[in-house]
Amino acid sequence: KRPPPQRSTQKSPAEFFAENKVIAGFDTPGRSLYTTIRELVENSLDAAERVGVLPDIDITVEEIGQEAFNRQRGIGGSGSAARVDERLYKDTETVKEKAKREKEEAKQRRQLEKEAKKKASKTGEDVEAILRRQEAARRGAATRTRSTYYAVAVKDNGSGMPHDDIPNMLGRVLSSTKYNKVQQTRGKFGLGAKMALIWSKMSTGLPIEVRSACPGQPFVSHYRLDMDIQKNAPHVHAVKKLSNPAGWHGSELRLTIEGNWSQYRAKMLRYLKLIAVITPYAQFSFRFIAENEKNYVFKEFLRRTDAMPEPPKEGKHHPSCVDLELLKRMLGASRQRKMPQFLHKEFSSITLPYAQRLGAELGAGGAADTHP
C-alpha cells in the first residue's frame, strides 16, 4: 500500500516563538517571570526617553494562590459543580497513596533524627534545634522549586501608544516601530512584551489589561486582549476610552503568568539595582505582594540626576553594509528623483560631489540624472 502524500504546513511567527520560547528567555517559570519584568521595564524606559521625560516606573508583582487563581478563571467557587471523581485532581490522593507518602516521610524523619544525633554528639548542640533547622531548609528548598501564579503590573510616564495601534503593538509578533530604522535602541525585534503575552496565554490563559495615553490625549485607552497564536493576530476582548482629566500619559500593562519568585528573587532585585545604576535619571518603585505578609518586599531606587542623555539620532546605511535586497527596498521607498541625490541622501559617508562622480561612472548603465 502506497503511503499517503505528505502535505506541507506553515507556522505563524507567534506559533514558532511559542514552541521555541527558550530563544526569548521563557524556558522555565522562574526565568519567565524575570524576563517578563525585565522586558516591560526596558520598554518603559524607551517610552519615557522617546519623549524626553524623566522615567518614573512602578513595578508590582502580586503572588496569587491556587484558590484565588481559580476564582479569576471562574472555577472552584460556590457556583462550581461538585467533583465526581476525586482521583482526577492533583490536589487529592487515595488512601493507598497517602499511606505510601506517610511511610516515606516517617523513613526520612528517622534518617534525619539519626543524622541529627550523630551531629549533636560531635558539636554538643541540641538535637531538636538541629531538626528544626533541617526542616526549615527542607521547606525552603520545596518553596524554591514550586511554581505559582503572579499578577505583574508595570506602569510608566512615557509616550504611550496610539489607541488604534495597541492591539498590533502587543498582539502581533514581528510588529514594531523600530523596524527600517538605523538607530541605537534597547531592543530591535519588538519581541519582549509579546513573548510575555504569549507566556501568559500558555501558562494561565488569561488576557492582559492595557491602559495607555499619548501626551495631550484627552482620554485613556483601555484594552483587554490576548493573542491568537496560530494566526499571529490580536484578539480583543474589550476596549474602552476612559476620561483623562489629569492629563496622564504613559502605559500600564497588567498580566497574570506562572512563575517562581523564590527561585529568581535575588536576580530580579539585582537587575533592578543595576538598571538603576546605569540610568541615574530614572526612578523605580518595586513591590512584591506575597500571600504571607511577612514576605512583602518594597524597594525604591530614587532618581540621582535630572540630566538625561541626548537621545540617539537616526543614522543612515553605510554603502558597504547594503545587500541587493535592502538596496531594492531603499530604492522603492526613496523620494529622491535623481541618482546622485539618492546616493547622497540615503547613505552615510557619500557627499554630493562624490555621488555625482558615481553617477557619471555608471556609463552605459545610465546617466548622472538617471531616476533611481
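Any idea which of Lys267, Lys194 is of a type in the set (Lys, Arg), open to solvent by less than 20 Å² (accessible area, probe 1.4 Å), touching a residue at least 12 places away in the same chain (Cβ under 8 Å) and assigned to a helix (DSSP H, G or I)? Just one listed residue meets the conditions, Lys194.
Residue-by-condition table, conditions (1) modelled with pLDDT of 90 or more; (2) within 22 Å of Tyr149 (Cβ to Cβ):
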| position | (1), (2) |
| --- | --- |
| Gly25 | no, yes |
| Glu49 | yes, no |
| Thr60 | yes, yes |
| Gly65 | no, yes |
| Gly77 | no, yes |
| Ala81 | no, no |
| Val95 | no, no |
| Glu113 | no, no |
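If you go through segment 288-303 and keep only what is open to solvent by 80 Å² or more (accessible area, probe 1.4 Å) and at pLDDT 95 or above, you end up with Phe298, Lys299, Glu300, Leu302.
Given the conditions (1) in contact with a Ser or Thr (Cβ under 8 Å, 6 or more places away or on another chain); (2) modelled with pLDDT under 95; (3) surrounded by fewer than 18 Cβ atoms within 10 Å (Cβ to Cβ), report the number of the one that Glu258 does not fulfil. Going through the list (1) in contact with a Ser or Thr (Cβ under 8 Å, 6 or more places away or on another chain); (2) modelled with pLDDT under 95; (3) surrounded by fewer than 18 Cβ atoms within 10 Å (Cβ to Cβ), Glu258 breaks only (3).
Inspection of segment 219-234 finds no residue satisfying the criterion of being over 18 Å from the mean Cα position of the chain (by Cα), farther than 18 Å from Asp164 by Cβ and assigned to a helix (DSSP H, G or I).
Pairing each residue of segment 324-348 that is over 16 Å from Val182 (Cα atoms) with any residue that is part of a helix (DSSP H, G or I) and among the aromatic types (Phe, Trp, Tyr), provided the two are 6+ apart or on different chains, yields C-beta distances under 7 Å for Gln336/Phe342.
Hey, does segment 229-244 have a residue that's touching a Phe, Trp or Tyr at 6+ places or on another chain (Cβ under 7 Å) and among the charged types (D, E, K, R)? Yes. Does Lys181 satisfy the condition of being open to solvent by 80 Å² or more (accessible area, probe 1.4 Å), assigned to a loop (DSSP other than H, G, I, E, B) and either among the aromatic types (Phe, Trp, Tyr) or under 30 Å from Leu327 (Cα atoms) (or both)? Considered against the rule, which asks whether it is open to solvent by 80 Å² or more (accessible area, probe 1.4 Å), assigned to a loop (DSSP other than H, G, I, E, B) and either among the aromatic types (Phe, Trp, Tyr) or under 30 Å from Leu327 (Cα atoms) (or both), Lys181 comes out as yes.
The values are calculated or read from the model by the stated rules, or taken from the named source; none is laboratory data. These figures come from a predicted structure and were not determined experimentally. Every residue, glycine as well, gets a Cβ built from its backbone with ideal geometry; the counts of neighbours run over all protein chains shown. Each accessible area value is taken on the protein alone, full model and side chains, heavy atoms only, with ligands, DNA and RNA left out. Shrake-Rupley method; radii C 1.70, N 1.55, O 1.52, S 1.80 Å.
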